[in-house]
Amino acid sequence: MTLRSSISTPEGKRRYVRRLFATIADRYDFITGFLSYGQDRRWKRRLIALADIQPADRVLDLACGTGDLLFAAAATARQAVGLDITHRMLQLAKQRQRAEVVTGDMLALPFGAARFHVVTTGYGLRNVPDLPAALAEIHRVLAPGGRLLSLDFNRPENPIVRGAYLAYLSVVGSALGLALHGDPDTYRYIPESIRLYPGARGVAQLLERAGFAHVRAIPLLGGFMAIHTATKAPRSGSGP
Ligand SMILES: C[S@@+](CC[C@H](N)C(=O)[O-])C[C@H]1O[C@@H](n2cnc3c(N)ncnc32)[C@H](O)[C@@H]1O
């Protein structure tokens, strides 16, 4: 079965993603720095600045991986919790820094309603098999007035730019997968997942459909990446 057909159904994508991140966890930080030409740290700093986390805030970092956004949030917030489906990622995060982490699925968050003031996620939304369901869960666990911030790839709208971009990511990903894991498909997942992703504009529309207000998509790297920001509407009569 090809990579593309493996991730073409929600169940197939769920299975593929679980196996993939368990395989690459120990190389994840190196690969992320390499594939982003070192820009990943800058984008994450930008997301944290936009989050404007306050000392009284409770923050949930979804798909927290090895913990970059989680640790940055924890530096200010009253509480910062990281959630990830891959146990090995959380082990690596805890080796870096003491942290409150939970193994779990973004599609079924083990938290009560309105628990968090801020939800962050770095390269998380693109990996879920059911994006509207993930957004509904995020909306549920956010307090009224709470903010969501998500960093991820964009899917260029121009078909020529998109084709060239995905071809480039495929070539680089194949070479890297072969060199590091003996399997060219390992990092070809990135362009294949972008192909199936609705892109920055599509994600913004889904956020609005999920009930978020003040939805913004901030382009990064000339529009190849984006940070989304969105707010859960405050209860009428109360402040944000
Ligand atoms: C590309 S990594 C991002 C890690 C980290 N957020 C960062 O920015 O460096 C994607 C992460 O999403 C996690 N993941 C994938 N599907 C998930 C799901 N349904 N629920 C929670 N985490 C998930 C993977 O285990 C992986 O750690």
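The values are calculated or read from the model by the stated rules, or taken from the named source; none is laboratory data. Quick caveat: nothing in here was measured; it's all calculated off a predicted structure. Because the Cβ atoms are built from the backbone with ideal geometry, glycine has one as well, and the counts that use them run over all protein chains shown.
A134 - would you say it is buried (at least 16 other Cβ atoms within 10 Å of the Cβ), more than 22 Å from W43 (Cβ to Cβ) and modelled with pLDDT of 95 or more? So A134 fails the test.
Could you check, for region 209-225, whether at least one of its residues is under 13 Å from the mean Cα position of the chain (by Cα) and either outside any helix (DSSP H, G or I) or closer than 30 Å to A74 by Cβ (or both)? Yes. Screening D57, D40, D26 for residues that are over 21 Å from L180 (Cβ atoms) and among the charged types (D, E, K, R) leaves exactly one candidate, D57. Would you confirm whether or not region 83-90 contains a residue that is within 13 Å of the ligand (Cβ to nearest atom) and surrounded by fewer than 20 Cβ atoms within 10 Å (Cβ to Cβ)? Among the residues of region 83-90, at least one is within 13 Å of the ligand (Cβ to nearest atom) and surrounded by fewer than 20 Cβ atoms within 10 Å (Cβ to Cβ), which makes the answer yes. Checking the stated criteria, K44 turns out to be in a helix (DSSP H, G or I), within 18 Å of the chain's Cα centre (by Cα), closer than 21 Å to G222 by Cα and of a type outside the set (V, I, T). Just one residue in the set I31, I48, I53 is farther than 18 Å from T120 by Cα and β-branched (V, I, T); that residue is I31.
Residue count for region 137-184 satisfying the condition of being on the phi > 0 side of the Ramachandran plot and crowded, with 17+ Cβ neighbours inside 10 Å: 0.
If you go through region 107-126 and keep only what is touching a strand residue (DSSP E or B) at 6+ places or on another chain (Cβ under 9 Å) and near the ligand (Cβ under 7 Å from one of its atoms), you end up with T121, G122, Y123, G124. Which condition number in (1) over 23 Å from F224 (Cα atoms); (2) within 15 Å of the ligand (Cβ to nearest atom); (3) in contact with a Ser or Thr (Cβ under 9 Å, 6 or more places away or on another chain) is the one that A74 fails? For A74, the exception is condition (3).
Checked across region 188-195, the condition of being assigned to a loop (DSSP other than H, G, I, E, B) and closer than 18 Å to R162 by Cβ holds for at least one residue.
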